[in-house]
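The values are calculated or read from the model by the stated rules, or taken from the named source; none is laboratory data. Worth saying up front: this structure is predicted, and the values here are computed from it rather than measured. Reconstructed Cβ throughout: ideal geometry from the backbone, glycine too, with neighbour counts over all protein chains shown. The protein model used for the area step is the full one, side chains on, heavy atoms only, and it has no ligands, DNA or RNA in it. Shrake-Rupley method; radii C 1.70, N 1.55, O 1.52, S 1.80 Å.
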Amino acid sequence: MKRIWLGVLIAGFAASAGVVQALPPGSTAPEFKGVDSNGVEHSLSEYRGKFVVLEWANQGCPYEQKHYLSGNMESLQKQWTGKGVVWLSIISSAPGQQGYVSPAQENDYLKTMKASPTAALLDPQGTIGHLYDARTTPHMFVIDPTGKLVYQGAIDDKPSPDPSTLKGADNYLSDALNAAMAGKPVAVAVTRPYGCSVKY
């Protein structure tokens, strides 16, 4: 068990080595279109005028499970969508790769977890993932109402799959949204994402 857990930790840190700045803070977030798990097409531009969160997801990733099985991610989704934020979960696992899901499988998962993103976009070709250079699950991005990227990186400052580390964690995502929605600069606009590698 220790050997397997260590492997998970190494994979997580290896996937997130270095602070990713493929899209500099303040740059225009790349436009994209994607189809969700209900067959509805979404584009980033249709949400201009609103804050948008992009969350790269993978049901089987221990780091992702830390946030979902604990209810942390669902709580964040409910909190921020309740304030008018658009939350798009994005699954970029390729067919045949770990984490790939059918629309029905994703809908079943969302229902089981009582998750409430605005939509879950299926990106099996990795088109959206590569546009944003998404590296890990989770990997979080915050886009402001003008279409500018104001945060990218980890969800919090505890790069571990252990749910007990959620207590006392500094949630970078909430910090960014609280600041940006109050018209203040985001103090920490880029952090090192942690988690499982996106399975392109």
Any residue in the range 116-137 that is at pLDDT 95 or above, assigned to a helix (DSSP H, G or I) and over 23 Å from PHE32 (Cβ atoms)?
-> no
Out of the residues in the range 110-122 that are hydroxyl-bearing (Ser, Thr, Tyr) and closer than 25 Å to TYR172 by Cα, which is most open to solvent (accessible area, probe 1.4 Å)?
-> THR118
Which residue, of TYR172, TYR151, is aromatic (Phe, Trp, Tyr), open to solvent by 30 Å² or more (accessible area, probe 1.4 Å) and at pLDDT 95 or above?
-> TYR172
